[in-house]
Amino acid sequence: MPDDATPFDLAGCLQLVRQRDQAAARELVEHLYPLVIRIVRSHLPRRVPEEDLAQEVFLKMFTRLEQYQGAVPFPHWVSRIAVTTCIDHLRAQRRRPEFRWADLSEQETEVLDAVLTNENEVAANDAMAAQELVHKLLAQLKPDDQLVLRLLDLEQKTIAEIADLTGWNQSLIKVRAFRARRKLQKLFQELQRKERS
């Protein structure tokens, strides 16, 4: 393993990996693991085993390594594999049951109730419950809609960055984000109506 003071020699490591050097393959995985696991965690519901999905990303990376031509930086190429793998995984999931008020925890219910009634601001210690609620609402959207909202609103990525990550054109991203936000608003309104009835 290289010394922490020495920068990682990605090109040299890739050359060794292509020669089937197992130690170099392990170094490459260790180098890319933080990037891959961050993408996996930010694009999937929590109940999905993230380590399994990260391994799937690395497996795809190694099996497609000969396809890498160097036109884009290698970490960017791996990021696209990770994002595509996440989208594919979300598409493969079975249709989720209807999201109901009863599915919320007591703390999430209190946070949502405070937001709906505007009686007081959500306390800082309720931030986690609010985040959980957002993730539950997002999970009701189609995978592509989830992805565009996570990247734009939660990760604060630009349209250009999302286009680079996903391969979608910028107009498609804007339209998809607009429609996804409308769907999310409808889900929130349905949840609000169910709570009042």
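The figures follow:
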{"quantity": "Hits in segment 154-176 - residues which are outside any helix (DSSP H, G or I) and either in contact (Cβ under 8 Å) with a residue 24 or more places away in the chain or open to solvent by less than 80 Å² (accessible area, probe 1.4 Å) (or both)", "calculated": "Glu155, Lys157, Thr158, Gly167, Trp168"}
{"quantity": "Hey, Arg150 assigned to a helix (DSSP H, G or I) and in contact (Cβ under 8 Å) with a residue 40 or more places away in the chain or not", "calculated": "yes"}
{"quantity": "Helices (runs of 4 or more DSSP H) contained entirely in segment 1-63, each with at least 2 residues that are at pLDDT 90 or above and within 16 Å of the chain's Cα centre (by Cα)", "calculated": "22-43, 50-63"}
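The values are calculated or read from the model by the stated rules, or taken from the named source; none is laboratory data. Since the model is a prediction, treat every value here as computed from it, not as a measurement. Virtual Cβ from ideal backbone geometry, glycine too; neighbours counted across all protein chains shown. Side chains included, ligands, DNA and RNA excluded: accessible areas come from the protein's heavy atoms. Shrake-Rupley method; radii C 1.70, N 1.55, O 1.52, S 1.80 Å.
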